[in-house]
Structure formats: structure tokens, C-alpha cells
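Quick notes on the structure that follows.
The values are calculated or read from the model by the stated rules, or taken from the named source; none is laboratory data. Please read these numbers as outputs of a predicted model, since none were measured by experiment. For neighbour counting, all protein chains shown are included, and Cβ atoms are generated from backbone atoms with ideal geometry for every residue, glycine included.
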């Protein structure tokens with residue numbers, strides 16, 4: 001009885017193993033047939049579809065493409081035209097400017113993380129970032145630029161330093177390279193001189209060797225004509241005439257170009273015009289004796305020249321011979337000569353001396 005049961009179990013086991021093997025074989029066969037049918041049902045890509053794919057920008061980019069757009073405004077909410085927007089997305093980059101409505105629009109941008117950098121003159125730059133999905137029209141929230149708060153420090157020269165440089169150039173100005181031509185500025189908007197600079201220019205002008213030579217020449221002419229006969233003749237008369245001529249030069253310079261300009265805040269220099277019609281330049285030059293530029297940059301009556309001529313004329317009564325003094329008459333005579341000389345000097349400066357003045361274009 002026991003042997004019969006064992007024989008039944010063995011047979012059952014063999015039947016089960018055979019059934020499993022049969023089922024496995026059927027599964028493999030069906031799988032193979034299904035793959036063949038699937039491969040046969042797929043169409044072969046045509047040449048026209050391949051060409052179409054190549055014509056689409058970034059069609060082969062992983063994940064596809066999309067677009068990114070937005071609007072730029074200023075701190076007051078007004079649209080900002082001409083703002084620069086730089087887009088970077090991996091190896092892809094593009095750049096454009098916002099239009100008249102402050103809008104921008106990037107198309108065919110590869111999907112994935114991106115970054116926008118927005119900048120405009122006078123505004124602080126901003127950076128915006130996001131992630132673009134394939135086929136997405138990504139709208140960036142309104143971007144508001146604020147005014148830049150950068151502190152700019154400019155190191156500039158003081159007015160006195162600029163004036164010092166300018167009069168240094170004027171002290172190099174010489175007619176034919178010899179005769180001083182200090183009291184003319186070829187810079188129309190030259191910086192005004194302070195008191196020290198006015199004295200500096202006047203001092204250097206009066207102690208220049210040419211001033212002594214000129215006074216000596218005038219004394220010689222007066223000696224030859226026996227002008228101011230009260231001085232007498234000979235060497236003694238020449239020395240007196242030389243002293244008077246040089247005293248006139250020094251007093252005229254210091255009263256008219258140093259002392260009164262310092263007190264009244266006026267500029268003693270002649271400012272070369274060089275432009276306009278000849279008539280306008282002539283009238284401008286002739287007015288030099290009665291019109292000058294103030295230290296504030298405005299034109300005004302030349303009180304310094306008038307008062308300087310009066311003071312120098314009055315002082316001359318102290319050293320002219322008694323026989324040649326006529327009191328107030330001599331004073332006003334010398335004043336008129338001084339003003340006339342300023343007018344003539346302005347005309348000569350405007351039309352002739354510029355051409356023969358060295359270092360007149362250094363500024």
C-alpha cells in the first residue's frame with residue numbers, strides 16, 4: 001500500500017514539471033511573435049520629416065524649447081525702454097533690449113534652469129532666475145529697477161590751484177620771446193586770481209629786466225628832448241628821468257592791476273576774444289579801459305583802471321619837477337593817458353600781439 005502511494009506522488013511531480021516547461025515554451029514563442037509584429041508595424045522615417053526636424057531651432061535639444069518674456073519698469077512704475085537683458089541657460093545665451101513698452105521676449109530657449117541679468121544706465125542691475133519647461137511660455141513677474149546708489153568721489157583742483165597754473169603759463173608769455181606779455185589771458189573762462197596771485201603777477205611784471213630797459217629808453221628820449229627841464233641835464237638829469245619813468249610804470253601797475261583789483265575784486269587781465277566780426281572785436285578791445293571782468297565772472301565797470309590811473313597820476317606830482325607840476329591838471333592828464341593806453345593796448349592785444357606771443361596756446 002505504501003509503495004503505491006509513493007509511485008503516485010512521483011508521477012504527479014513529473015506531470016507538474018512537464019506542464020511548467022510547456023507553459024514557458026509557449027510564453028517565449030508568443031513574446032517573439034509580438035516583437036516581430038511590433039517592429040513591422042513601425043513606419044520608416046521619410047526624408048521630408050527629417051528635413052523638417054532639422055529646420056526647427058533647438059529641435060534636437062534635450063527636453064525641447066520654450067519662451068521667456070516680461071516687462072521692465074522704473075521706480076515710479078513707468079516702462080523702461082532700452083534696458084539690457086542678458087539670458088543664460090546652460091551653454092545657451094542671448095541678449096536684447098526692452099522695447100518702447102518696456103517689454104522683452106526670448107523665443108526658442110532650451111528648457112531647464114535659466115538666469116536673467118537686467119541693467120540700464122543710472123539704475124542698479126538685477127538678476128532673476130527660474131526654470132523653463134518644454135513648450136512653456138514663461139512670464140517673468142514685472143521687474144522694477146531702482147536708481148543706483150553708488151557714491152562717486154571726484155578729486156578736483158581748487159579754484160586757486162587752477163588759477164596758479166594759468167598765471168604760470170601767463171608768466172611764460174613773451175612778445176617775440178623777449179618782452180613780457182603777462183596781463184593777457186587766452187583762456188576765456190580763466191579762474192579768477194586771489195589777492196596773493198594779483199600781487200605775485202604785478203611784482204614779477206615790474207621787476208622784469210625789460211621794464212628797466214624800457215624806462216631807460218624813455219628817460220633817454222626825454223633827456224634828448226629836454227622834457228621836464230627841471231630835472232636838468234647830464235647824468236643826474238638822466239637818473240631823475242629814469243626814476244620818474246620807472247615810478248610811473250610801477251605805480252600804474254600796482255594801483256591799477258594789484259591794489260584796486262584786490263580791493264574791488266576785479267580781474268586786471270585782458271581776456272582775448274579772437275572770435276566774431278572785426279567790428280565787435282574792435283569795440284570789445286577798446287572797452288578794456290572802462291570795462292573788466294569781476295572775480296565773480298561777470299563784466300562790470302573797470303573802477304580799478306580809472307582809480308588806479310588817478311592814484312598814479314596824483315602820486316606823480318610828488319616826484320615831477322616843481323616847474324612841471326600843474327596839480328590836478330597833471331593828475332587827470334596822466335589818468336586820460338592811462339585809460340587811452342588801456343584802450344590802445346586792448347586793440348593791439350586783440351589783433352596783433354597774439355600772433356607774436358610765445359606760449360599763448362599752452363592752456
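Answer with yes or no whether residue 249 is modelled with pLDDT of 95 or more and within 53 Å of the chain's Cα centre (by Cα). No, not satisfied.
Within segment 172-179, is there a residue that is on the phi > 0 side of the Ramachandran plot and in contact (Cβ under 8 Å) with a residue 40 or more places away in the chain? Yes, segment 172-179 has at least one match. List the number of the failed condition for residue 274; all other conditions in (1) in contact with a helix residue (DSSP H, G or I) (Cβ under 9 Å, 6 or more places away or on another chain); (2) surrounded by fewer than 16 Cβ atoms within 10 Å (Cβ to Cβ); (3) in a helix (DSSP H, G or I) hold. Here residue 274 meets the rest and fails (3).
Here residue 168 clears all of (1) touching a helix residue (DSSP H, G or I) at 6+ places or on another chain (Cβ under 8 Å); (2) modelled with pLDDT under 95; (3) surrounded by fewer than 16 Cβ atoms within 10 Å (Cβ to Cβ) except the condition numbered (1).
For segment 192-251, which residues satisfy the criterion of being touching a strand residue (DSSP E or B) at 6+ places or on another chain (Cβ under 9 Å) and surrounded by 14 or more Cβ atoms within 10 Å (Cβ to Cβ)? Residues satisfying the conditions are 192, 204, 205, 208, 211, 214. Pairs meeting the criteria (first residue in segment 261-279 and free of Cβ contacts under 8 Å to residues at least 40 places away in the same chain and at positive phi, second residue part of a helix (DSSP H, G or I) and surrounded by 12 or more Cβ atoms within 10 Å (Cβ to Cβ), beta carbons under 8 Å, at least 6 apart or on different chains) are 276/284.
Across segment 164-187, what is the number of residues that are over 30 Å from the mean Cα position of the chain (by Cα) and not in a loop (DSSP other than H, G, I, E, B)? Result for segment 164-187: 4.
Pick from segment 309-361 the residues that are within 17 Å of residue 270 (Cα to Cα) and part of a loop (DSSP other than H, G, I, E, B): which of them is modelled with the lowest pLDDT?
Pass one, segment 309-361, residues within 17 Å of residue 270 (Cα to Cα): 309, 338-361.
If we keep only those that are part of a loop (DSSP other than H, G, I, E, B) as well, we get 359-361.
Numbers: 359: 67, 360: 54, 361: 48.
Filtering first and then ranking leaves 361.
For segment 142-163, the set of residues classified as at pLDDT 90 or above and touching a strand residue (DSSP E or B) at 6+ places or on another chain (Cβ under 7 Å) consists of 142, 143, 144, 145, listed by residue number.
Is at least one residue of segment 44-58 exposed (fewer than 14 other Cβ atoms within 10 Å of the Cβ), in a strand (DSSP E or B) and either modelled with pLDDT of 95 or more or over 32 Å from the mean Cα position of the chain (by Cα) (or both)? Among the residues of segment 44-58, not one is exposed (fewer than 14 other Cβ atoms within 10 Å of the Cβ), in a strand (DSSP E or B) and either modelled with pLDDT of 95 or more or over 32 Å from the mean Cα position of the chain (by Cα) (or both), which makes the answer no.
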